[in-house]
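Just below is one structure, and these are the notes that go with it.
Quick note: the coordinates plus some simple rules give every number you see, no bench work behind them. Predicted model, so just to flag it, every value in this text is computed and none were measured. Here the Cβ positions follow ideal geometry from the backbone for every residue, glycine too, while neighbour counts run over all protein chains shown.
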Amino acid sequence: MKLSIVATLYQSAPYIAEFHQRASAAAEKLVGDEYEIVLVNDGSPDRSLDIAVKLTEQDSHVVVIDLSRNFGHHKAMMTGLEHARGERIFLLDSDLEEEPEWLLTFAEQMSEDNRDVVYGVQESRKGNFI
């Protein structure tokens with residue numbers, strides 16, 4: 001397994017399908033068929049888990065981890081990291097605040113500079129202040 005994409009789910013139902021489609025397309029450009037998308041349900045009160053489980057039935061690249069309750073974003077990400085099997089692991093939010101296509105840019109940067117870690121800094125957030 002060459003690539004794991006780890007994302008948490010909390011009130012993510014409106015975004016999951018598009019996130020999956022875009023993250024899958026980026027992963028396929030990077031590594032062909034050798035990737036997984038690990039979705040960690042962090043006790044989401046909406047239909048996020050149901051939607052994610054349906055994705056596993058349609059796409060063998062999707063892995064779902066369901067936490068027993070909301071533990072918070074950081075613990076959910078750590079759980080995803082523990083289960084990820086890829087040589088490279090990318091952490092993304094499923095709400096599309098960060099574009100899944102940035103994986104291509106980050107992977108290129110890692111390769112060009114022979115880096116182990118690459119991260120992005122968001123200068124301004126989409127949406128409203130609150």
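Reachable aspartates and glutamates from Lys75, Cα under 12 Å, same-chain residues fewer than 8 places away excluded? The reachable aspartates and glutamates, counting only those whose Cα sits under 12 Å from Lys75, are Asp42. FRET efficiency for the Ala25 to Arg69 pair, using the beta carbon distance and R₀ = 30 Å, is estimated at 0.40. Using the Cβ of Arg69 as centre and a radius below 12 Å, the other residues enclosed give a net charge of -1, where K and R count +1 and D and E count -1. Students often get this wrong: which residues of the range 80-96 have the backbone nitrogen under 19 Å from the point 7 angstrom along Cα-to-C-beta of Ala17? Hits in the range 80-96 for Ala17 at 19 Å: 94-96.
Rounded to the nearest 20, the size of the Cβ-charge dipole of the chain about its Cα centre is 320 debye, with Lys and Arg at +1 and Asp and Glu at -1. A straight chain from Thr105 to Asp46 at 0.36 nm per residue would run longer than the Cα-Cα distance by 18.0 nm. Other residues within the sphere of radius under 15 Å centred on the Cβ of Glu36, judged by their own Cβ, net out at -3 (K and R +1, D and E -1).
With 0.36 nm allotted per residue and the present C-alpha distance subtracted, the Glu123-Gln58 stretch has 19.8 nm of extension available.
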